[in-house]
Amino acid sequence: MRKITAPQYYLIGEMSRRTGVKIEAIRYYERIGEMPRPKRNKGGQRLYDESQLNRLYFIKRSRELGFSLKEVRTLLVLIDGGELTCNEVHAMTVDHQKRVRGKIADLRKLERALEELAAQCSLGDVPECAIVETLYGPQTRSTFLETP
């Protein structure tokens, strides 16, 4: 004989503890439509089910990987509509990966520029500071952040 169990519901605090997503973020995701509005108990508390818990995990993991809310929304629309294909997800991931590589290249340029600035410092107890002088002038951006 199969045992019938009542569905499991979670209060917002439990959702937050299980996923690591702050309560205000959960409410925000509801307001913008990323999370479906949960049922409420007689006291007005939100009651989330297992599918909402899994959806919140999905949103969190996607955001941790740097996907924008727009990209997460696109993925969720594909999932909700049942029209999700691995090809579409792959294409979005590869496109996102390209943008991440671009950001990494920009950060490396920034790192080199900061190293150059730091190397100009005399480390003395004098009022003149080569770093401040360099940052104060209009030449800073063109001098340091250009591609070598």
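The values are calculated or read from the model by the stated rules, or taken from the named source; none is laboratory data. Here the structure is a predicted model, which is why all the values come from computation and not from measurement. Glycine gets a Cβ as well: all are built from the backbone with ideal geometry, and neighbour counts include every protein chain shown.
Structure summary
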{"read-out": "Criterion (at pLDDT below 75 and either out of contact with any Pro (no Cβ under 8 Å at 6 or more places or on another chain) or within 30 Å of Y10 (Cα to Cα) (or both)) met by exactly one of E88, E116, E146, E83", "value": "E146"}
{"read-out": "Pair list, Cβ under 6 Å, 6 or more apart: segment 34-55 residue touching a residue at least 24 places away in the same chain (Cβ under 8 Å) and within 12 Å of P7 (Cβ to Cβ), other residue hydrophobic (A, V, I, L, M, F, W, C) and not in a strand (DSSP E or B)", "value": "Y48/M15"}
{"read-out": "Count - residues of segment 80-118 that are in a loop (DSSP other than H, G, I, E, B) and either polar (S, T, N, Q) or surrounded by 11 or more Cβ atoms within 10 Å (Cβ to Cβ) (or both)", "value": "2"}
{"read-out": "Qualifying positions in segment 61-79 - hydroxyl-bearing (S, T, Y), out of contact with any Asp or Glu (no Cβ under 8 Å at 6 or more places or on another chain) and outside any loop (DSSP other than H, G, I, E, B)", "value": "T74"}
{"read-out": "Segment 18-49: number of residues that are loosely packed, with under 14 Cβ neighbours inside 10 Å, modelled with pLDDT of 95 or more and either at positive phi or touching a strand residue (DSSP E or B) at 6+ places or on another chain (Cβ under 9 Å) (or both)", "value": "3"}
{"read-out": "Residue in segment 7-17 that is surrounded by 13 or more Cβ atoms within 10 Å (Cβ to Cβ), under 30 Å from V100 (Cβ atoms) and touching a residue at least 24 places away in the same chain (Cβ under 8 Å) present", "value": "yes"}
